[in-house]
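Bear in mind that the values in this text are calculations on the coordinates, not laboratory data. All values derive from a computational prediction rather than experimental measurement. Cβ sites come from the backbone with ideal geometry, for glycine too, and all protein chains shown count toward neighbours.
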Amino acid sequence: MGKEGSLKDVLEFHRQLTVVDCHCDTILEAAKGRGKLRKASETGHVDIKRMQEGGVGVQFFAAFIETTYKPFSSLTRALRLIDTFYTEVDSCGDVLAQGQNMRQIRNDLKAGRMIAVLGIEGGEALNGDLQVLRTIYRLGVRFLGLTWNQRNQLADGVGESITGGGLTNFGHEVVREMNSLGMIIDLAHISEAGFWDTLEISRHPVIVSHANCYELCNHPRNLNDDQIKALAEKRGVLGLSFVPEFLGLEIASLDGFLDHVDHVAGLVGTETIAIGSDFDGIDQTPVGLDDSRCYPRITAGLLERGYTENEIRGIMGENVLRLMDKVFRE
Ligand SMILES: [Zn+2]
């Protein structure tokens, strides 16, 4: 396709991609009784109909442990959100399948079903216990954000960076156990020291599911260039988010998002780049990135900026699928 492919060509190309979104908070919306996947609604950002319109292939769903439940009710809260996830996925069984292993995921994608990957955002949910980690793996949890912004039993979150604290002993054990289970380690929200500790000891590549570039926007949740380079060296991926505060413009927009893509591409190439919308976790969305219907616009924007079809396939999803191939046991 030429650089100025017609809209029809762009949509045709987009339809052939596997779009992967590394982060949304839709389980929380569902737990409140809003934004249920099945019923298309005007509120929220993610539902089946809009995912289909946007050509989503794989959606990561994070069970975010809210502060009010920490620390003592974190595990119960996580289990309840897992139940919510199952209720949602079960109600959409004809078009949506839970992603458990790569063979099944590829088969379901081939059969035209979308994939829901379950994860937890906040290692508090482990209650300091590796047996809980192994059990939630059996419950279908395939990624874990080691921390949110606070400190927990695993590490300091980014909100505690002043302490210089990284992984705890238990955090080390969790990383090793996640490596042997074949679970994806998510380093969004962790302190910088925790980021470096994990990168050093993890045998598998990791993801940073929703963050952006510090060089373009000095927000503590964003990764500096050294972190992006190290992530790339370890074959990890950065899910560039749509969070207006992380994009760093007065009016966040698709163009501003693409600037972050350009920055990472210029630094380490495109293989480290993924998308991590943070849909249903943000109140404001960038202009042009309003909900799950937005992905063809990103594809079009990438074509306009001169990325090759192969690079775009990677950015839109294949880079994450490649990481899943490495991390998941089967
Ligand atoms: Zn988050």
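Structure values in brief
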quantity: Per residue Cα convex hull volume in Å³ - calculated over the stretch 128-269; calculated: 104
quantity: Charged-residue dipole, Cβ positions (Lys, Arg, Asp, Glu), the chain about Cα centre, Debye nearest 20; calculated: 1200
quantity: Förster radius 22 Å - calculated FRET efficiency between Asp290 and Lys8, Cβ distance, rounded to 0.05; calculated: 0.50
quantity: Between the stretch 195-217 and the stretch 287-330, the alpha-carbon center distance in angstrom; calculated: 19
quantity: Tail weight of P(r) past 25 Å, computed on alpha-carbon pairs of the chain, percent; calculated: 46
quantity: Percent of alpha-carbon pairs separated by more than 13 Å within the stretch 145-202; calculated: 49
quantity: Residue with peak Gaussian network fluctuation, the chain [Cα springs, cutoff 10 Å], from Arg313, Arg103, Arg15; calculated: Arg103
quantity: Reach of Lys234 by Cα under 27 Å, taken over lysines that are not fewer than 8 positions away in the same chain; calculated: Lys326
quantity: Linear extension gain, Lys70 paired with Thr87, 0.36 nm per residue minus alpha-carbon span; calculated: 3.7 nm
quantity: Candidate lysines for bridging to Lys49, where Cα separation is under 23 Å - those fewer than 8 sequence places away on the same chain excluded; calculated: Lys8, Lys32, Lys36, Lys39, Lys110
quantity: At most 12 other Cβ within 10 Å, DSSP loop - GluC sites (Glu not before Pro), the stretch 196-283; calculated: Glu250
quantity: In range of the label at Lys326: residues from the stretch 171-196 whose backbone nitrogen is under 15 Å from the point 7 Å along Cα→Cβ; calculated: 179-180, 182-187
quantity: FRET E, pair Arg203, Lys49, Förster distance 25 Å, beta-carbon r, rounded to 0.05; calculated: 0.05
quantity: Principal axes of the stretch 187-285: Cα extent on each, largest first, Å; calculated: 39, 26, 20
quantity: Computed [θ] at 222 nm, helices only, for the chain once each DSSP H run of length n ≥ 4 contributes -39500 (n - 2.57); calculated: -11500 deg cm²/dmol
quantity: C-alpha center-to-center spacing [the stretch 241-263, the stretch 110-153] in angstrom; calculated: 28
quantity: Order of Ile48, Ile162, Ile190 - criterion: other Cβ atoms within 10 Å of each residue's Cβ, fewest first; calculated: Ile162, Ile48, Ile190
